[in-house]
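Contents: one structure, followed by commentary.
Rule-based calculations on the coordinates, nothing more; no lab input. This one's a predicted model, so the numbers in the text were calculated from it and none came from an experiment. We place every Cβ from the backbone using ideal geometry, glycine too, and count neighbours over all the protein chains shown.
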């Protein structure tokens, strides 16, 4: 499946798996016998089976984080931004970098725990990963990653299980077209702009029909930075490209903490996708079999 495969046909992983469900005391795992569960629909199950994979179990990773420190203090002036890689700040404010790092860490931690469960079940990867963030009743935010671990009908095993948001049908189509998923990728960026006279004067209905260029620059800025981070994250998985699952933009305002009777406008952009890589068709015989499952939308 993966570009990097082990040289043996046995399923043996690092001792770091010890303590995960299904793992032996020495950290090695074997495929689980008996009844398996999944989050696949009947159509997804048929599609996954049609490309030589078997579901081995449902996997779930979760992490609860207290989000207290954003890194921003005072008025950000013209700009305060962070994308996980760089920050631009005026002399009046610091960046969102600590908050962005926490958002990455929480998602990756939840995903890594789902991957640990996949290893313990003897899986080669996870399909249909559903990432969610919600308020935790006792406080903070809960980050979850839910999907179905699958195992290939093959004697070679990937060194690292892949993760993918793709549904069973889309996963099958990807393989038929000569591509494999290598990992789930994220792109997150936040930025704040002080709502000065250049923007506030263009908002009232009396201002007429015109672009509020300050707001345009804000959302373009965070989307551009989130896209850059998505590409960087995908490259870490060894992908040649990305198929995007979700693109969200959240905008909110708050009273300016420094200049009275004014406000600051903040925006957060989030991109989630699957990194994919091309594989060699030379060892495939007879060409791909036709899919009988035509539904390609993700199950709600």
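A few comments on the model shown:
- In terms of the mean number of neighbouring beta-carbon atoms within 10 Å, the peptides 229-240, 161-172, 245-256, 265-276 order highest first as 161-172, 265-276, 229-240, 245-256.
- Gyration tensor (alpha-carbon) shape descriptor, the stretch 104-251, a/c threshold 1.5: prolate
- Nearest-0.05 FRET efficiency for residue 154 and residue 244, computed from C-beta distance (R0 30 Å): 0.60
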